[in-house]
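To start, the structure itself, in structure tokens.
We did not get these values from a lab; they are worked out from the coordinates using the rules stated. Bear in mind the structure is a predicted one, so any value in this text is a computation, not a measurement. With ideal geometry, Cβ positions are generated from the backbone for all residues, glycine too; neighbour counts draw on all protein chains shown.
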Amino acid sequence: MVIIKSKNVLLVIFIVLLVIVLAAVFAGIGFLFAFVKPVDFIPSGNVAVIAIKGPIMAENSGGMFGSGAATSTDIVNYIEEAEKDPGVKAVLFEINSPGGTAVASDEIAQAIHLLKEKTNKTTVAWIREVGASGGYWIASASEYIVANRMSITGSIGVISSYLDFSGLMDRYDVNYQRLVSGEHKDMGTPFKPLSKEEEIILQKQLDQIHGFFISEVAKNRDLAVEEVQNFADGSFFLGVRAKELGLVDELGGQKEAIKYIENKLNIKVNLIKYERQPSFLSMLSGVIIDHGFNVGKGLGNSLTEVESNSIIKT
């Protein structure tokens, strides 16, 4: 026979009630924050820091694997807010991105050009580890680029590769029933190989985008188009080599970028980071999601690294 003392019973009841009360409080706070618009940035400081990290996309896909992407929608909004703020004298773009979609990269680059045209605000790009492809396209739009000597830069090229499952389907006797209106409507589907004509069509489009990329870099960096074409084969360069080619202005990091701004504008830099502040619910769910994601990270990486069939990436 087990005897439970009254003190122990009261303690158990107290703990249970405390857990219920805390759960109700957190649920109430979560419900409140679910309807509160996240604050995008803290309005103080004279130099806006806009981070461009991870793959560059037009919009977040909404899935947990897309949470680490840099979206042009958000970044362009931040640039426009920095443009409107009279207290912001310069914008520092912290870049750590291997590139992304051509459209998203161009949208951000054009927003930087508009910022320079409409205001006298200084724009500086700081390439920390990676500023390649679309990441470099964006960096080149800034008036001054600082890069770590060992950072990966350049990679001026375009890709639209995809997996071809047609051989695997033949092996297992799986058929692709083709129903299209328009001869090339299913061009690029993984269920059939490209025809020679389709290869030519796609290659022309890629070459045209590559031409846009080269022209933008040449104009932004004050280089001859022919000069950029000589090394625009998709190869990446270490920061030290990129400086020799005229792709970056200075080797270093945030300290050097800040020093450039201070010397040019004769100000003491006070950084303000433009970023989206997560709501209570998103932070809470993020803890749960991150735990589950880390458990299956190996499998997740193998699944998410497959390129989309229809997106052209820089």
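General remarks:
- Among residues other than residue 170 with Cβ under 12 Å from its Cβ, the summed charge is 0 (Lys and Arg +1, Asp and Glu -1).
- Summary value for the range 47-304: 20 percent relative contact order, contacts being C-alpha pairs under 8 angstrom separated by 6+ residues.
- Rg over Rh for the range 47-304 works out to 1.03, using Cα positions for both radii and the Kirkwood form for Rh.
- Residues whose amide H lies under 5 Å from that of residue 100, counting only those 5 or more places away or on a different chain, are 56, 134, 135, 314; hydrogens are built 1.01 Å from N in the peptide plane.
- Here's how it looks for residue 152: its modeled amide H is under 5 Å from those of 130, 131, which are all 5 or more places away or on a different chain.
- Each peptide in 191-197, 69-75 was scored by the mean count of other Cβ atoms within 10 Å over its residues; highest first, the order is 69-75, 191-197.
- Remark on residue 275: its backbone amide H falls under 5 Å from those of 41, 42, a criterion applied only to residues 5 or more positions apart or on other chains, H modelled at 1.01 Å from N.
- Figure legend: label point modelled 7 angstrom from the Cα of residue 170 along Cα→Cβ; residues of the range 179-201 with amide N under 11 Å from it are 193.
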